[in-house]
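Have a look at the structure below before the remarks.
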Amino acid sequence: MLVRLNRRALLAGTAAALAAPAILRAQAEPIRFGALNPLTGAGGPYGPSMRKAIEGVIEAVNNAGGINGRRVQLFGEDTQTNPDAAVRAARKLIDVDRVIAIMGTWASAVTTAVAPLCWESRTMLFTVSGADSITQLPHRGFIIRTQPNSTLQITKLAEFLGERGARNIFILAAQTPFAEPNRVILEREMPKYGGKVAGQVIYDRDKTVFRSEVDQALRARPDYIFLNGYLPDVTILLRELFRAGWTGGKVAPAYAVNQRLLDSLPAEVTNGTVTWAPSPDVESPAFKRLQTLLGTDDPDPYSCQTNDHASLACLAAAIAPAITGEGLRVSVRTVSQGGGERVTDVVEGLRLLKDGRKIDYAGSSGACDFTDTGDILTCPFRYEVAEGGKLRTLRIA
């Protein structure tokens, strides 16, 4: 049947639509999240897969109908592994794109620079940075960290080195927020195993030659040298140590010595280098889904964590009192450690929440239980050694 509207009826309908509460009109707007990852710079080997891990969650949520009927829109920026560039990118995400959460900052210096912008604007920040100082900032609950802090990481390193018989350790450290705290923690922990820290040199990681720093380390006659830097500078340090004839122990974070580094140097330069890193939950269905998404059998810990960042943000938004950074802040622990049904899939979690059920999310990086200051409570660690240009797992514990 043809319906005819006169002018008066048409105007009345238009006026009614304009008078609808803003909250109803807002229901059609997407929920805005930001991804701030190191696509270039020292973190460049990890940033692209970290971003893809976030995108996979957002795509799955949108394909399942969104969050309470609202789609999720993701805005991405590159930190360039540089604090100044990261601040500019974060400012755009907050001021122009109007995101309520930022996910996936990597370098501690970047996170330290970006964090004040987030808590001042009440934007939730999910990070994989490890420096203790980050969650000691006055962030008022707007930081969640899935990466173990420096205290937990270095405590685990000291335990491992002590078991391997290390007694005299020298540290070659890049100028970063975690350099000095790591030394303090290692100095505190090594005596428990009969060892000590012989000294430390902090270097400018933009240098291209580190022979004087290596010579200083060798003069201390250590049995282990701890290369506490990033992939580009650790690559140079390993080459310098080989040229200097060093045959003692070498240990470095797994983000600094990975397959990309091993492929760039002869095996004799890297052989025997030990690495350690937080281990994903390799038995989790979430980890197996991420393997498929990224097309690799061994997703790095940071991609596993950012996959969980996106899942936590979506689940928290589903029950938040308001779709804001503040809403995420008050809801994120409810979905991750609220004592509900264990969930490893964001879509399943959203369905259960919609049915009014409680959930306890645990993802590809493992359990997501946090302290009051935002630190992850605990996680397993994986220890590996370079042999013949490949990394061999020593243990996961």
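Here the extension length gained between residue 342 and residue 271 equals 21.4 nm, from 0.36 nm per residue of separation less the Cα-Cα distance. Projecting the Cα atoms of 155, 201, 232 onto the charge dipole of segment 140-265 (Cβ charges, centred on the Cα centre) puts 155 farthest toward the positive pole. Using a cut-off of 30 Å between Cα atoms, the listed pairs 52/358; 92/288; 52/250; 156/390; 92/354; 288/390 include 92/288; 52/250; 92/354 as exceeding that distance.
Once all protein chains are placed together, residue 392 keeps about 110 Å² accessible to a 1.4 angstrom probe.
Amide H contacts under 5 Å for residue 32: 73, 100, restricted to partners 5 or more places along the chain or on a different chain, H placed in the peptide plane at 1.01 Å from N.
What label, among [x] 21, 45, 29, 5, 0; [y] 27, 59, 13, 1; [z] 27, 51, 17, 4, 1, belongs to P(r) over Cα pairs in 20 Å bins from 0, in percent computed from the structure on display? Working out P(r) over Cα pairs in 20 Å bins from 0, in percent from the coordinates points to [z]. Sequence-ordered 3J(HN,Hα) estimates for segment 71-82 from the Karplus curve with 6.51, -1.76 and 1.60 and θ = phi - 60° stand at 6, 9, 10, 9, 10, x, 9, 9, 6, 6, 6, 9 Hz, glycine and proline given as x.
Below 8 Å between Cα atoms, with a sequence gap of 6+, how large is the relative contact order for the chain in percent? Relative CO of the chain lands at 16 percent. In terms of packing, defined here as the mean over residues of other Cβ atoms within 10 angstrom, the peptides 104-110, 275-281, 263-269, 132-138 line up highest first as 104-110, 275-281, 132-138, 263-269.
Ordering of 369-377, 205-213, 246-254 by packing is 246-254, 369-377, 205-213, highest average first (other Cβ atoms within 10 Å, averaged per residue). Amide H contacts under 5 Å for residue 196: 168, 169, restricted to partners 5 or more places along the chain or on a different chain, H placed in the peptide plane at 1.01 Å from N.
If R₀ is 30 angstrom, what is the calculated FRET efficiency for the pair residue 98 and residue 64, using the beta carbon separation as r and rounding to 0.05? For residue 98 and residue 64, the calculated efficiency is 0.80. Can you give me the long-range amide H partners of residue 143? Hydrogens built in the peptide plane at 1.01 Å from N, cutoff under 5 Å, separation of 5 or more residues or another chain. Sorted by chain and number, the residues that satisfy this are 125. Using θ = phi - 60° in the Karplus curve 6.51 cos²θ - 1.76 cosθ + 1.60, the 3J(HN,Hα) couplings for segment 381-395 round to 10, 10, 10, 9, 9, 7, 9, x, x, 10, 9, 10, 6, 8, 5 Hz; x is entered for Gly and Pro.
Within the chain, helices built from complete DSSP H runs that reach 27 Å or longer along their own axis (Cα positions) and carry a mean Kyte-Doolittle hydropathy of -0.5 or higher are 301-319.
The values are calculated or read from the model by the stated rules, or taken from the named source; none is laboratory data. Every value quoted in this text rests on a predicted model; they were computed, and no experiment measured them. Using ideal geometry, Cβ is built from the backbone for each residue, glycine included, and neighbour counts are taken over all protein chains shown. With ligands, DNA and RNA removed, areas are computed over all heavy atoms of the protein, side chains included. Shrake-Rupley method; radii C 1.70, N 1.55, O 1.52, S 1.80 Å.
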